[in-house]
């Protein structure tokens, strides 16, 4: 269970340009690189005469102008949002004002579970809590334009309101932050849920799309194998956590140091939250016990 996905770090963002990826798809990457965004957020334009824009991105005037240049004389009929993190959804309303298109998403930002007494939301600043879509999209609903049809696929885990979008005409899937070629996805309670994330991976494995267009980095052209490897990788992480518990580690920071050898210090907090996500799942399954409500400061032991 030690297999690991083969990550692809070769990516040219070509900021400001609309990069043609297929007959129906162009990509415009926002200039917001960082440890959690790689080279920046990918916005996608689907269609030719009538367009859907997927994930307009962060509040950035240069990126808005780049999207409007890419739109040109075409008609934007829908602005779709995979999830409500600040690097994906905030620009949607400015783009809507310029194009007149409705903003569609699963719903406002929300936590995967209620906060425990005394618990705070460590990723509070990353959520676009002011976001309100014009139209709600449920699992399986479709949005269409001239020559294309997109189907919403509920993929909670990274966030509770995460959607992927399947493009029928090209057997492709816009995977948002649920599956990315450059890195594993952050699953950070209470914003996200490992139980939901693993169930969503299984859901994608039951589908047939082999080409994924993620929220950050390059596209995937053997997506089913990659998703299967992601699932194995997550199960391997769970096994590593259980091994650390059996070795006597009780605190999440100790587990992070032992499991994530050589990790960039800036990512230690995110790694700790990922470990917590696994531990929450293990506690719920009765495999692990905690001294009180599971949290980053709790102590854990084999049940």
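Please treat every number below as a calculation from the coordinates, not as lab data. Remember, predicted model here, so these are calculated numbers, not experimental data. Cβ sites come from the backbone with ideal geometry, for glycine too, and all protein chains shown count toward neighbours.
Over segment 233-302, what portion of Cα pair distances is larger than 16 Å, expressed as a whole percent?
On the way: 936 of 2415 pairs.
Percentage above 16 Å: 39.
Label residue 184 and residue 207 with points 7 Å out from Cα along Cα→Cβ: what is the distance between them in nm?
Each label point lies 7 Å from its Cα, and together they span 2.2 nm.
What distance in nm lies between label points placed 7 Å from Cα along the C-beta direction at residue 138 and residue 243?
If labels sit at residue 138 and residue 243, their model points lie 4.5 nm apart.
What ranking do 74-80, 235-241 get when scored by the average of other Cβ atoms within 10 Å per residue, highest first? Spell out each step's value before the answer.
Details: 74-80: 21.3, 235-241: 17.7.
Going by the mean number of other Cβ atoms within 10 Å, highest first, we get 74-80, 235-241.
Sort 21-30, 253-262 by packing, meaning the average of other beta carbons within 10 Å per residue, with the highest value first. Could you put the intermediate results ahead of the total?
Working: 21-30: 20.7, 253-262: 15.1.
Result, highest mean first: 21-30, 253-262.
Counting only Cα, what are the radius of gyration and maximum Cα-Cα distance Dmax of the chain, in Å?
According to the Cα coordinates of the chain, Rg and Dmax are 19.3, 63 Å.
Compute the convex hull volume of the Cα atoms of segment 6-114, divide it by the residue count, and report the result per residue in Å³ as a whole number. Walk me through the intermediate numbers first.
Details: hull volume 13.4 nm³, N = 109.
Convex hull volume per residue, Cα atoms: 123 Å³.
Quick one: helix 61-71 against the long Cα principal axis of the chain, what's the angle to the nearest 10°, folded into 0 to 90?
50 degrees
Output needed for segment 151-303: three equivalent-ellipsoid semi-axes, defined as square roots of 5 times the C-alpha gyration tensor eigenvalues, in descending order, whole Å.
Numbers: eigenvalues 180, 46, 34 Å².
Whole-Å semi-axes of the equivalent ellipsoid: 30, 15, 13.
Could you state the angle between the C-alpha long axis of helix 223-246 and the longest principal axis of the C-alpha atoms of the chain, as a value from 0 to 90 degrees rounded to the nearest 10?
Roughly 20 degrees, rounded to the nearest 10.
Arranged from highest to lowest average of other beta-carbon atoms within 10 Å per residue, in what order do the peptides 264-274, 213-223, 98-108 appear? Please list the in-between numbers first.
Values: 264-274: 16.3, 213-223: 22.4, 98-108: 18.3.
Taking the mean over residues of other Cβ atoms within 10 Å, the ranking is 213-223, 98-108, 264-274.
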